[in-house]
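J.: First the structure, then my questions, so here it is.
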Amino acid sequence: DGGITQSPKYLFRKEGQNVTLSCEQNLNHDAMYWYRQDPGQGLRLIYYSQIVNDFQKGDIAEGYSVSREKKESFPLTVTSAQKNPTAFYLCASGPGFTDTQYFGPGTRLTVL
Amino acid sequence: GQQVMQIPQYQHVQEGEDFTTYCNSSTTLSNIQWYKQRPGGHPVFLIQLVKSGEVKKQKRLTFQFGEAKKNSSLHITATQTTDVGTYFCAGQGYGNKLVFGAGTILRVKS
C-alpha cells in the first residue's frame with residue numbers, strides 16, 4: 001500500500017521540550033517538504049529536500065530542524081527555540097521539485 | 001519573492017449555487033496547481049495547469065489559467081455539500097518552489 005505516513009496524529013508536549021515528528025513515504029519520491037498550517041490559514045513552508053542528504057530552509061525555518069539521511073524519511077524536530085509551536089504540521093512528497101505534491105495526514109502538535 | 005494571493009478568503013453559498021475562487025501571482029508561473037482540503041483532513045491534489053489560457057474540467061469543476069500565466073480560477077457549478085472544504089491554489093515560478101495561496105474556505109448550506 002503506497003503512500004505517505006505521519007506519526008503520531010496528535011502530539012502533546014510541555015513547553016521547552018524538543019519534539020520530533022515522523023514522515024515516511026514509500027512512493028520513491030525524491031522531493032519532500034514540511035509545512036505548518038495554523039487555524040484558518042494557508043500552508044507555510046518550513047523546510048524542503050530535493051534529494052537525499054540535502055535540504056533547504058523554507059519561509060519559516062527558525063526553531064525547526066530536519067534531516068534527510070534516507071530517501072523515504074524526512075523527520076522534523078520542533079525545538080524549544082520555536083516561539084509558538086502549536087499547529088498542524090503537514091509533510092508532503094513529490095517525484096521531483098517541480099511536480100505535484102502528495103500530502104500525509106498531518107500531525108497536530110499542542111504545546112502545553 | 002514570489003507571492004500568490006487568493007480571494008475570497010471565505011465564501012458561504014446555498015446548495016445549488018455556483019462558487020468561484022481566484023488566484024493571482026506576482027510573477028509569471030510555469031504552472032499552477034489546485035488542491036482541496038476537507039475539514040480536518042489534508043490537502044489533496046486536484047489538477048495542474050501548464051499552458052497559457054488553458055481550461056480544464058472535472059465534472060462540475062472548471063479550472064482556468066490566464067493568458068499571461070499569472071492568474072487562475074476555479075469555478076464550481078451547482079455546489080453540493082460534498083464540495084465543502086478549503087481550496088488552495090499553488091503557483092510555481094520557473095525553477096522555483098511551489099508557493100501556496102492562503103486558500104478559500106467554502107461552506108455550503110443545504
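J.: Can you tell me how the protein assembly as shown classifies by the Cα gyration tensor, rounded, prolate or oblate, using a/c under 1.5 as the rounded cut? All intermediate terms of the calculation are to be shown ahead of the outcome.
T.: Numbers: a/c = 1.92, a/b = 1.44, b/c = 1.33.
Cα axes put the protein assembly as shown in the prolate bin.
J.: Filter A:K57/B:K51; B:K70/B:K97; A:K57/B:K97; A:K57/B:K70 down to the pairs with a C-alpha to C-alpha distance above 19 Å, please.
T.: Flagged as over cut-off: A:K57/B:K51; A:K57/B:K70.
J.: At what distance in angstrom do the alpha carbon centres of region B:1-54 and region A:6-41 lie from each other?
T.: The distance from the Cα centre of region B:1-54 to that of region A:6-41 comes to 24 Å.
J.: In chain A, what % of DSSP beta bridges are antiparallel (nearest 5)?
T.: Working: 33 of 37 bridges.
Counting DSSP beta bridges with both partners in chain A, the antiparallel share is about 90 percent.
J.: For region B:45-77, which residues drop by 10 square angstrom or more in accessible area between the chain on its own and all protein chains together (1.4 Å probe)?
T.: Residues of region B:45-77 that lose at least 10 Å² of accessible area once the other chains are added: B:F45, B:Q48.
J.: Let me ask something additional. Using only atoms on other chains, find how many Cβ atoms lie within 10 Å of each Cβ of peptide B:88-97 and report the average. Before the final figure, lay out the partial values.
T.: Numbers: counts 2, 1, 4, 0, 3, 1, 1, 2, 2, 10.
Average per residue, whole number: 3.
The values are calculated or read from the model by the stated rules, or taken from the named source; none is laboratory data. The shown structure was predicted, so the numbers you read here are calculated from the model rather than taken from an experiment. Heads up, the Cβs are rebuilt from the backbone with ideal geometry, glycines too, and the neighbour counts pull from every protein chain shown. These area figures cover heavy atoms from the full protein model, side chains too; ligands, DNA and RNA do not enter into them. Shrake-Rupley method; radii C 1.70, N 1.55, O 1.52, S 1.80 Å.
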